[in-house]
Amino acid sequence: GFYSINHTDCLESLSHHCFDGTTGELAHAFFPPHGEIHFDDHEYWILGNTRFSWKKGVWLTDLVHVAAHEIGHALGLMHSLNPNALMHINATLTGKKSISQDEVWGIHRLYGCQDRLVMCPSWAHRGFCDKRRKLMKKHCPSTCDFCYEFPFPTVPPTLPPPRTKTKTVSEGRNVTFRCGQKIIHKKGKVYWYKDQELLEYSYPGYLSLNEDHMSIIANAINEGTYTCIVKKKERILTTYSWRIRLKH
């Protein structure tokens, strides 16, 4: 819905700030399972491309574009690193509206994907996932696990699989991972990953990134495998990995 500057619990919320009038924060969404979307009622919303109105002296903002971005968050997607993606943090400013492949993969990881043909399992059994990859990728992504395939590796391919500690925790619990403080003091740089995807931003109320540690709130969205890699130039100094599962 459309809300004024001070609305609901925005004064206390760390992840959903109060609105600030025209421009600035346009809208915000709540991750699953809540799914609410709030739009700033002070903005000048239009059905059309975002543009500046010299007559009114204000920015006219594309409501559909902003809504599409926020719906992505409501479904569980975080910001994309692809500058041409709808879920990029500056998508509203750049006017980019295309849904990128990494966003499609993100939805697949959250909700799964379906094969188009009932004969996919038999084709896979006959080796079609390798022999007829293009066909299987189009019609049988679930059977061949193409749903989760990336165009480029986000973790160095030469990296040996780190030993992974599994933690089963209650929903809502704050979980902190620490990444080799002694190694970091040797001027190593830390890279954090979730399910082999590079993490670059904190998401208040869900994930907090720091140089030597990271914290998450355990929920369905944050289940998965977290890895830290400490590198000095191109040399890997150490790796740590944790798998988070919710208690059922």
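FYI, it's all coordinate maths here, none of it is from the lab. Owing to the predicted nature of the structure, the values given are computational and were not obtained by experimental measurement. Cβ: placed from backbone, ideal geometry, glycine included. Neighbour counts: every protein chain shown.
In sequence order, what are the phi-derived ³J(HN,Hα) couplings for the range 84-98 according to the Karplus relation 6.51 cos²θ - 1.76 cosθ + 1.60 with θ = phi - 60°, rounded to whole Hz, with x for glycine and proline?
9, 8, 4, 8, 5, 4, 10, 4, 5, 6, 7, x, 6, 10, 6
Aspartates and glutamates near K138 by alpha-carbon distance under 14 Å, same-chain residues fewer than 8 away left out - which ones?
D115, D130, E149
So, R0 is 30 Å and r is the distance between the beta-carbons of L198 and F52; what FRET efficiency does that work out to, to 0.05?
Once the sixth-power term is evaluated, E becomes 0.30.
Computed FRET efficiency, Cβ-Cβ of S142 and T225, R0 25 Å: what is it to the nearest 0.05?
Computed FRET efficiency for S142 and T225: 0.75.
Taking the Cα-to-Cβ direction at R235 and at T168 and moving 7 Å from each Cα, how far apart do the two end points lie in nm?
Output for this residue pair reads 4.1 nm.
Which aspartates and glutamates, if any, have their Cα less than 19 Å from the Cα of K232, not counting same-chain residues under 8 positions apart?
Within reach: E200, E211, D212.
Filter the cross-link list K165/K194; K97/K134; K194/K247; K96/K233 down to pairs whose alpha-carbon distance in this structure exceeds 22 Å.
Beyond 22 Å between Cα atoms: K97/K134; K96/K233.
Which residues in the range 127-146 place their backbone N less than 20 Å from a point set 7 Å from the Cα of Q101 along the Cα-to-Cβ direction?
129-146
Counting only residues 5 or more places away or on other chains, whose amide H sits under 5 Å from the amide H of Y44 once H atoms are built in the peptide plane?
Amide H to amide H, under 5 Å and 5 or more residues apart or across chains, Y44 pairs with T23, T61.
Taking N as the number of residues in the range 164-246, what is its Cα Rg relative to 2.2 N^0.38 Å?
Here the answer is 1.07, to two decimals.
What are the principal axis extents of the Cα atoms in the range 23-81, in Å, biggest first?
Cα spread of the range 23-81 along its principal axes, largest to smallest: 42, 24, 19 Å.
Label-point separation (nm) for Q114 and N210, each offset 7 Å from Cα along Cα-to-Cβ?
4.5 nm
For V66, V175, what's the fewest-to-most ordering of other Cβ within 10 Å of each Cβ?
Listed from fewest to most nearby Cβ atoms, that is V175, V66.
With contacts defined as alpha carbon pairs under 8 Å and 6 or more residues apart, what's the relative contact order of the range 164-246 in percent?
The normalised contact order for the range 164-246 reaches 42 percent.
If packing is taken as the mean number of other Cβ atoms within 10 Å per residue, what is the order of 126-133, 138-145, highest first?
The peptides rank, most packed first, as 138-145, 126-133.
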